[in-house]
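Below: the structure, in structure tokens.
Each value in this text was obtained by applying a stated rule to the coordinates, not by laboratory testing. Since the model is a prediction, treat every value here as computed from it, not as a measurement.
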Amino acid sequence: MSTTTAQPAAPSRDAPRFGAKRVLLLVIGGLVGLLGLAVLAAGGAAVWGLTQRDDSGYFSTGTTRLSTPSFALASSSLDIGPAAPRLFGEDFATVRLQATSARPVFVGIGPSTEVGRYLGRVQHREITDFDTDPFRVTSHGTAGGETPAPPANQRFWAVQTSGTGTQTIKWPVEKGSWSAVVMNADGSRNVAVGLRIGTRIPALGWVAFGLIAAGLVVLLLGGVLIYLGARRPRAPAPA
């Protein structure tokens with residue numbers, strides 16, 4: 001009488017399930033990749049911006065004709081906090097104002113509190129906002145009954161210039177609250193100038209390089225996470 005011996009069944013070699021861990025890696029990798037693309041886009045925009053500078057390295061508006069029957073054109077307060085100088089250094093940006101007039105013209109930038117005292121009771125026009133493309137300003141009139149003293153005689157200006165033709169000031173931006181003022185040099189009424197504004201940011205090149213480098217690193221990280229999530233794990237070896 002013959003006998004047979006039953007052989008043990010071979011273990012199943014089904015493919016591993018697409019588990020929650022792999023799904024999570026794919027989702028996170030996709031989000032990280034999108035973030036990397038966004039940072040790269042910002043770096044590309046910064047590089048494009050570098051090509052829009054003039055020969056002096058300034059981003060400049062066109063020249064716009066501004067006039068007022070009052071005594072002055074003054075900007076509202078520009079508040080510069082301490083964060084930008086700490087991040088990019090004390091010379092992180094320079095503002096350039098150019099004013100052209102048929103009469104001797106004054107251009108100055110000073111602390112907002114001092115400018116407020118000087119023009120507080122003087123009729124003038126306050127510029128509250130401006131657009132660069134095309135260059136246009138938003139302003140409103142401020143009433144007053146006094147006549148200002150000649151602006152060049154005031155001692156609070158951080159930078160100032162006056163004279164005939166085109167007058168230019170360059171102001172290294174610093175923390176504090178500041179206002180820009182354009183007047184006739186003798187402090188008289190009926191100010192009419194062609195105004196042009198420019199800004200130079202030396203650190204922009206480093207910012208553009210940093211954004212592109214960071215975007216590539218983040219994009220690579222996202223690709224690694226997606227690869228790990230999509231990779232098919234090895235099936236367990238048969239017993």
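Less than 5 angstrom separates the built amide H of residue 144 from those of 123, all sequence-distant by 5 or more or on a different chain.
Working from Cα pairs under 8 Å separated by at least six residues, relative contact order for the range 59-200 is 48 percent.
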